[in-house]
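**Student:** Pasting in a structure now, in structure tokens, and then I'll have a few things to ask.
The values are calculated or read from the model by the stated rules, or taken from the named source; none is laboratory data. Nothing here was measured: the structure is a model prediction, and the numbers come from that model. Ideal geometry is used to build each Cβ from the backbone, glycine not excepted, and the neighbour counts take in all protein chains shown. Surface areas here come from the heavy atoms of the whole protein model, side chains and all, with no ligands, DNA or RNA. Shrake-Rupley method; radii C 1.70, N 1.55, O 1.52, S 1.80 Å.
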Amino acid sequence: MSDSHERASEAPSRRKFLNTAAAAGLAGVGLAACNDKGAPAAAAPAASAAGHVGAAPAGVHPKPGELDTYYGLWSGGHTGDMRVLGLPSGRELHRIPCFVPDALVGWGQTNESKAIMGTKPDGSLKFPCADTHHTHASYKDGNYDGRYAWINDKINARIARIRLDYFICDKITQIPNVQGFHGIFPDKADPVDPKINYTTRVFCGAEFGIPLPNTAADAAKAETYHSLFTCVDAETMEVRWQALIDGNCDLVATSYDGKLAAANQYNIEGGAHYAEMMSAERDACVFFHVARVEQAVKDGKFKTYGDSKVPVVDATRKANTDPKTAIAGYVSVPKNPHGVNASPDGKYFICAGKLSPTATVIELAKVLEWFDGKLEKIDSAIVAEVELGLGPLHTAFDGRGNAYTTLFLDSQLVKWNVDGAIKFHAGDKSVKYVVDRLDLQYQPGHVNASQSETRFADGKWLAVGCKFSKDRFLPVGPLHAENEQIIDISGEKMVLVADHPVRGEPHDFIIFKRDLLRPKQIYSLDDFPNAVKDPKESGVTRNGKKVTVKMTSQAPAFSLPEFTVKKGDEVTIILTNLDKVEDLTHGFAIANHGVNFIVNPQETKSVTFTADKAGVFWCYCTHFCHALHLEMRSRMIVEA
Ligand code: CUK
Ligand code: CUA
Ligand code: CA
């Protein structure tokens, strides 16, 4: 069990190489990270198989009919949805469409979903694509409260909110003045009002600087390019404020007391090309004093850009030289950091080095001391900066004082003790802060553990999103599935217990106890102002060329066996499912009209389309609901 562990930990020479290698060499060799055989740069596959690969402990693969003990909320990558997994089995239970149309439920077809997704004046969708990365959920008392989750779309600067009672997206907001919107994190408490011990804000980081205001005339003027850090209201989903910063934002973290939010920065250079972005030895983690930012907004100390009315405060270094009034402070961290993660004890943010083989531990109490004028240099808040291995990206926690950081280049997970690292950094070089190493398959990015991003990290299961699966699954052409690996972290040594293929590219996810959610099984008719509450209300009404068809469904029949419209009519079908049993969902499809959507029990949905061909068109139920499901039909008669 231990030889790959021993072997893996004796690779300091490669790590030293990264430490001292020329930046260009890193990008050329290191970031590609895979040798021509497709094995990870760090280890021969045979040896890694001999590592801590265990027989699955009881409960990893539930018996038929057994339920998982944890939910996982997974980002859906380019499919623009959020995926719901059961853990530890890794079974995918559901996909929640957000940014991109979904053929199963009719997301992007129904008027209700289009209103959430946003349409152009002609009714077509504003954006046909998305690139989701990060998913986080709302908090109360330092734990998830089961109200909401959020997910970002990097391409179109959108943030979507998911209602966790029905697992549906209910709002999408596009953030103004930014591009490359990447990290998100909800706050966990209000910075001022102690009664508000739950999430009321979501912070959003933007990666790419753009000329502000954005004009092509300034394309060559580097000094006009800026990134903004954004605060979105968790309830209204409106943008509350933005902060102009030096450098850029990558991932985001928030403190448990609500006072601090931070974003890692890999491009303090403001470079447009990777060589420029890697030119400085250190970048930064920018900390925001949330209460002061919001006071500045209240005091009217902001400007706006272009058509946006969002107040933008100045969080650049130049405008924040006095710590006692500063709204932001920049802690220097080594070269192009990536993930920033809050430890479950509430004390630290840990920045993963990416191009530096280190993790930087920042003590939040000291950052606050700096804001109070009691700490001379904000960099003194760094209490550890320790070597972990090549390409650290993201960090999870077990609630027992250990951190688990993915090493993209080494293709490893490293378990390290945070207090040990702090002691080592303080001078006690006898402390062995690295507890264990585990080879992964291959090139891990995000990592998370059960309850890791709460005060109740329970140190049971950990999942890693590996960017490459190579030889782990049957080949399916040039693009392989990604490999999500499940690791048992309950013991001293980590044990790899399962591989799961996933469609690319999920990035981030969270894992939490199943009893934190109480999903509802059926809707209420009253949730929908346009509900057709009684089959007797069914029928066709006309207003010029606009025709409304009201209908209900009850297995195995629609309330209208047929309905008649005229060629050229703009037809709106409103369908209420009067069935009251969970799972008794019906679909409604119209032949040759590209219409298909589902209605869940007691739910109402509508679609609008033009009946542009005369003739008879069968409408049928697309969701198997009854022995007479195939017979569940209606007919649209379009008169010439
Ligand atoms: S980023 Cu994907 S591995 Cu978008 Cu969270 Cu780090
Ligand atoms: Cu209703 Cu199938
Ligand atoms: Ca940099």
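**Student:** Just list whichever of Lys309/Lys545; Lys126/Lys221; Lys120/Lys188; Lys335/Lys366; Lys63/Lys460 have alpha carbons separated by over 28 Å in the model shown.
**Tutor:** Long pairs (Cα-Cα over 28 Å): Lys309/Lys545; Lys126/Lys221; Lys120/Lys188.
**Student:** Mind giving me the FRET efficiency for Ala640 and Ser124? R0 is 30 Å, r the Cβ-Cβ distance, nearest 0.05 is fine.
**Tutor:** So the FRET efficiency works out to roughly 0.65.
**Student:** Ignoring solvent entirely, what values of log10 I(q)/I(0) come out of the Debye formula for the chain at 0.09 Å⁻¹ when each Cα is a single scatterer?
**Tutor:** -0.78
**Student:** Rounded to a whole number, what % of the accessible area of the chain do carbon and sulfur atoms account for, probe 1.4 Å?
**Tutor:** Accessible surface attributable to carbon and sulfur in the chain totals 55 percent.
**Student:** Which three extents, in whole angstrom, do the alpha-carbon atoms of the range 91-178 cover along their principal axes, largest first?
**Tutor:** Sorted largest first, the three principal extents are 45, 34, 22 Å.
**Student:** Additional query: Taking square-rooted eigenvalues a ≥ b ≥ c of the alpha carbon gyration tensor, is the range 449-552 rounded, prolate or oblate, where a/c under 1.5 means rounded and, failing that, a/b exceeding b/c means prolate?
**Tutor:** Oblate.
**Student:** So with the 1.4 Å probe, I'd like the accessible area per residue for the range 271-410, rounded to whole Å².
**Tutor:** 37 Å²
**Student:** Any idea how far the Cα center of the range 220-299 sits from the one of the range 363-427, in Å?
**Tutor:** The range 220-299 and the range 363-427 have Cα centres separated by 20 Å.
**Student:** State the extension gain, in nm to one decimal, for the chain segment bounded by Asp145 and Lys533, taking 0.36 nm per residue of separation less the distance between their alpha-carbons.
**Tutor:** 136.4 nm
**Student:** Find the Cα radius of gyration of the range 571-640, compare it with 2.2 N^0.38 Å by division, and give the number to two decimals.
**Tutor:** Normalised Rg, Cα atoms only: 1.13.
**Student:** A further question follows. According to the square roots a ≥ b ≥ c of the eigenvalues of the Cα gyration tensor, what is the shape class of the range 261-340, taking rounded for a/c under 1.5, prolate for a/b larger than b/c otherwise, and oblate for the remainder?
**Tutor:** Prolate shape, in that a/c is at least 1.5 and a/b is the bigger ratio.
**Student:** Also: I'd like the distance between the alpha-carbon centres of the range 588-618 and the range 105-148, rounded to an integer number of Å.
**Tutor:** Each part's Cα centre sits 22 Å from the other's.
**Student:** Obtain the nm distance between the two label points defined at Ala426 and Lys324 by a simple spin-label model: each point lies 7 Å from its Cα along the Cα-to-C-beta direction.
**Tutor:** Reported label-point gap for Ala426 and Lys324 is 3.0 nm.
**Student:** Defining a contact as two alpha carbons under 8 Å apart and six or more residues distant in sequence, what relative contact order in percent does the range 452-609 show?
**Tutor:** 16 percent
**Student:** Mind grabbing the base-10 log of I(q)/I(0) for the range 185-322 at q = 0.09 Å⁻¹? Debye formula, identical points on the C-alpha positions, no solvent, two decimal places.
**Tutor:** Normalising to I(0) and taking log10 leaves -0.27.
**Student:** Follow-up question, since we're still on this one. Amide H of His446: which non-local residues (sequence gap of 5 or more, or other chain) have their own amide H closer than 5 Å, using H built in the peptide plane?
**Tutor:** HN-HN under 5 Å from His446: Gly465.
**Student:** Which of the trypsin sites (Lys or Arg not before Pro) found in the range 136-230 are in a DSSP loop and have at most 10 neighbouring Cβ atoms, other than their own, within 10 Å?
**Tutor:** Of the trypsin sites (Lys or Arg not before Pro), the ones in loops of the range 136-230 whose Cβ has at most 10 other Cβ atoms within 10 Å are Lys195, Lys221.
**Student:** A follow-up question, please. Once you sort the root eigenvalues of the Cα gyration tensor of the range 269-311 as a ≥ b ≥ c, which label holds: rounded (a/c under 1.5), prolate (a/b larger than b/c) or oblate (the other case)?
**Tutor:** It comes out oblate by the Cα gyration axes.
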